[in-house]
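Asker: Mind looking over this structure? Questions follow.
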Amino acid sequence: MFTPPDKEEARARIAALVARFREQHASYKRADYKETQVRRDFIDPFFKALAGDMFTAIAGHPAPAVLELLQNQPNPASGRTTIAYRLPLPGPVSLRLHDLHGRLVSELEHGTRAAGMHTRTVDLSTVEPGVYFYTLRSAETLHTRKLVVE
């Protein structure tokens, strides 16, 4: 069972993270510094300091505390690709593919989904080569990732 940190412990952890962020700010702005590094070095520890582990046990299975959109596999893709996402709670979702100009290419998914992991295999046979973005919307949350079609 998860026990969140007390307020003083959380404040101390957050103060240490903020101090480290200030010290390393220049390195975070480097072109070769990846988003996953920021998440690992700062964002995840920040949320853990606030509320502990970001995952909650529901019926014996870990579920995310927030909506999560994973990178499609494979990427770059040709023919087809798979997009996966996790929902913390059941609810309405919309998964859409847009081109670089923001035009809707395809509505991949629309409806109510259960909490947990979901995957969608996308047929790319009619999609021109190029860079696209897929967007997952659930309730008031929106996540976008890049998809390259070869």
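The values are calculated or read from the model by the stated rules, or taken from the named source; none is laboratory data. A quick note: this is a predicted structure, and the numbers were derived from the prediction, not measured. Because the Cβ atoms are built from the backbone with ideal geometry, glycine has one as well, and the counts that use them run over all protein chains shown. Heads up: the accessible areas ignore ligands, DNA and RNA and are worked out on the full protein's heavy atoms, side chains in. Shrake-Rupley method; radii C 1.70, N 1.55, O 1.52, S 1.80 Å.
Asker: Going from most exposed to least, what order do 146, 29 have by accessible area with a 1.4 Å probe?
Answerer: If we order 146, 29 from most to least accessible, we get 29, 146.
Asker: For segment 59-136, what are Rg and Dmax over the alpha carbons, in angstrom?
Answerer: Final numbers for Rg and Dmax: 13.4, 43 Å.
Asker: Just order 133-140, 13-20 by mean Cβ neighbour count inside 10 Å, highest at the front, would you?
Answerer: Ranked from most to least packed, the peptides come out as 133-140, 13-20.
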